[in-house]
1. Of all residues being within 15 Å of DNA strand D (Cβ to nearest atom) and either in contact with a Gly (Cβ under 9 Å, 6 or more places away or on another chain) or touching a residue at least 60 places away in the same chain (Cβ under 8 Å) (or both) in the stretch B:11-38, which is farthest from the other protein chains (Cβ to nearest Cβ)? Just the residue, please.
2. What pairs can you find where one residue is in the stretch B:49-62 and of a type in the set (Ser, Thr, Tyr), the other is modelled with pLDDT of 95 or more and more than 6 Å from DNA strand D (Cβ to nearest atom), and their Cβ atoms are less than 6 Å apart, with a gap of 6+ or different chains?
3. In the stretch A:46-69, which residue that is away from chain B (no Cβ under 14 Å) and touching a helix residue (DSSP H, G or I) at 6+ places or on another chain (Cβ under 6 Å) is nearest to B:Asp67 (Cα to Cα)?
4. Give me a count of the residues in the stretch B:12-68 that are aromatic (Phe, Trp, Tyr), buried (at least 17 other Cβ atoms within 10 Å of the Cβ) and over 9 Å from the mean Cα position of the chain (by Cα).
5. What number of residues in the stretch A:40-85 are near DNA strand C (Cβ under 8 Å from one of its atoms) and either in contact with a Leu (Cβ under 6 Å, 6 or more places away or on another chain) or among the polar types (S, T, N, Q) (or both)?
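The values are calculated or read from the model by the stated rules, or taken from the named source; none is laboratory data. Please read all numbers here as calculations on a predicted model, not as lab measurements. So basically every Cβ, Gly included, is an ideal-geometry build from the backbone, and we count neighbours across all protein chains shown.
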There are 2 protein chains.
Amino acid sequence: MQVLYVDLVVDPYAPEPLYVQVAASLRAKIESGELAHLAPLPSEKAIEQEYEVSRDTARRAIGQLRDEGLVFTIPQRGTYVGPRP
Amino acid sequence: MQVLYVDLVVDPYAPEPLYVQVAASLRAKIESGELAHLAPLPSEKAIEQEYEVSRDTARRAIGQLRDEGLVFTIPQRGTYVGPRP
DNA sequence: GCGAATTTGTACGTATGTATC
DNA sequence: AGATACATACGTACAAATTCG
């Protein structure tokens, strides 16, 4: 039986690392405005469940966006859209 | 019986995270010249054994020095002292 | 050139701590 | 008090590229 993954945002068989794919998906939501300025990003656990990845992968994705200056994290609070205030 | 850890560079009971302590130790070796410009840092595995920490902790320590611009990493090669060339 | 060893990268799991809500 | 959320720290496994004998 053939299995397709067309409904998945991330593809474990793609050459790009999973965390890069998750980051790209989140980045798209930021750039489209779906995640507005100062809006909270999905939590690590929410990303785990939404994308069906490990927490490690969720954290890497957020870390990449943080490195890009797109989001900032407040420890024990969450991660928000925008440059570090 | 009282146990002291005076011989350990890192102290699991200290308030600072282990990876910060490992990074501080490596930073001191760089600043003292023990690790000269372009010299290779100990590999992740070597750091694991030297400091008796997990690879996760070793990687975090190296990552911190990289964030500080003190070292740069060449994938599948190693990490070297100096700014990214 | 080949194969083994080395080294970093990615990905998963689990546990604990701490701060916030 | 309990749930939520991020930070740290341990472990394992496999992949990919480089280095070395």
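1. Within the stretch B:11-38, the match that is farthest from the other protein chains (Cβ to nearest Cβ) is B:Leu38.
2. Listed by first residue and then by second, the contacts come to B:Tyr51/B:Val22.
3. A:Leu65
4. Going through the stretch B:12-68 one residue at a time, the tally reaches 0.
5. The number of residues fulfilling the criteria is 4.
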